[in-house]
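Worksheet: one structure, shown below.
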Amino acid sequence: MDPHAIEQAAKFIGAGLAAIGTGAAGIGVGTLFGQFLNGALRNPSAVEGQFGRLIFGFAVTEALGIFALLIAFLLLFAV
Amino acid sequence: MAEAGPAINPIEQFELSRFLPITVGQHHYDVSITNSTIFMILAGAATLWLMSLTARGSLGVPGRLQSLGEMAYEFVEGMVRSAAGEEGMKFFPLVFTIFMFITMANLIGFIPYSFTVTSHIIVTVMLALIVFFTVLIYGIKKNGLHFFKLFVPSGVPIYILPLVVAIEVISFLSRPLSHSVRLFANMLAGHITLNVFGGFVVMLLGASAAVKVVAILPFAMTIGLDALELLVAFLQAYVFAMLTCMYLNDALHPGH
């Protein structure tokens, strides 16, 4: 097997492994919204005040998934 | 397909091109006017234009434009007051400028064939370093050595304190990194994703007639992603400004 093909294969395997991280971020976002709904259904009057925090938490959590996606993209297209 | 690589290069959109090559000094430092420079100026000019338009001739009953400006102002004002307290309002101009610049740069980047300034880490890292050094210099100037109480949380048992202090110092120093990479990675990954799905549409349309119909799927996905990215463009500007407020709060009120 020529080295170029091995390098290509390693890149794609690495990109696939990096993409697992987006699933982990999915768990985080799911937990976030699930817990928020859990609290919101118990005390609907508090929802308005906490919406900003929800969105903030979403953005910070989702960013970690984006980091993993970024590594996958860099391996696919840039390296 | 794999050995040929993707037909459409999604990285191409981030390439810099010199419009007006300029070098300075004996070492020929490159300070050329690039597409990045132009879009940065555009984002700044658009912000200035919008805000001066909304602030002109303030009426008692605001029109549409004026309420847009007032909403933006009150939004950031609420953010600064809640995260950094009343004292934080002296940094309102900084936070508002950062917020408006990033929002505008992100939104301008949305226009097809335009350039997203914030998808380059050098831009976001400079913004993050401005915040970092503002916090550091102002914090030390205002609180003196008390500023370093930031690294020593109260109520921690003495035997675990060295570890906690080390962690606090490292987390303080890594702030500009996470602060800048969050915005940069979101914008970069978002634009690459849009480009990849757009590329699918083009590739499928180039195929035989029976396959052409399938192109509707990635096209619908592109529309959905566009909506998500529009949200992300606002959200990341908000998060960047919000974190700025939190960091400034540390400079204003060190000690946990």
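Note on B:Tyr138 and B:Ile216: with the Förster distance fixed at 51 Å, the Cβ-Cβ geometry gives a FRET efficiency of about 0.40. Computed over the protein assembly as shown, the Cα gyration tensor eigenvalues convert (square root of 5λ each) into semi-axes of 36, 27, 25 Å, ordered from largest to smallest. Given a Förster distance of 51 Å, report the FRET efficiency between B:Glu12 and B:Phe75 from their Cβ-Cβ distance, rounded to the nearest 0.05. Efficiency for this residue pair is about 0.90. Near the amide H of B:Thr34, within less than 5 Å, lie the amide hydrogens of B:Phe19, all on another chain or at least 5 residues away, with H placed in the peptide plane. Across chain B, the relative contact order, built from alpha-carbon pairs under 8 Å that are at least six residues apart, equals 25 percent. Taking only the C-alpha atoms of the stretch B:161-251, the Rg (one decimal) and the largest Cα-Cα distance, Dmax (whole number), read 20.5, 69 Å. Each helix, a run of at least 4 DSSP H residues, gives -39500 (n - 2.57); summed and divided by the residues of chain B, these come to -22500 deg cm²/dmol at 222 nm.
Between the C-alpha center of the stretch B:22-75 and that of the stretch A:43-77 there is a gap of 27 Å.
Working from the alpha-carbon coordinates of the stretch B:1-111, get Rg over Rh, Rh being the Kirkwood radius. Walk me through the numbers on the way to the answer.
On the way: Rg = 20.1 Å, Rh = 17.5 Å.
Answer for the stretch B:1-111: 1.15.
Counting every other Cβ atom within 10 Å of each residue's Cβ, B:Asp250, A:Asp2 order from fewest to most as A:Asp2, B:Asp250. Helix B:92-108 axis versus longest C-alpha principal axis of chain B: approximately 10°, rounded to the nearest ten.
Stokes-Einstein, applied to the Kirkwood radius of chain B over Cα pairs at a viscosity of 0.890 mPa s and 25 °C, places its translational diffusion at 115 µm² s⁻¹.
Over all other residues within a Cβ to Cβ distance under 15 Å of B:Gln236, the charged ones net out to -1, with Lys and Arg as +1 and Asp and Glu as -1.
Where a number appears in this text, it was derived from the coordinates with a stated rule and is not lab data. The structure presented is a predicted model; accordingly, all values stated were derived computationally and were not measured. Glycine gets a Cβ as well: all are built from the backbone with ideal geometry, and neighbour counts include every protein chain shown.
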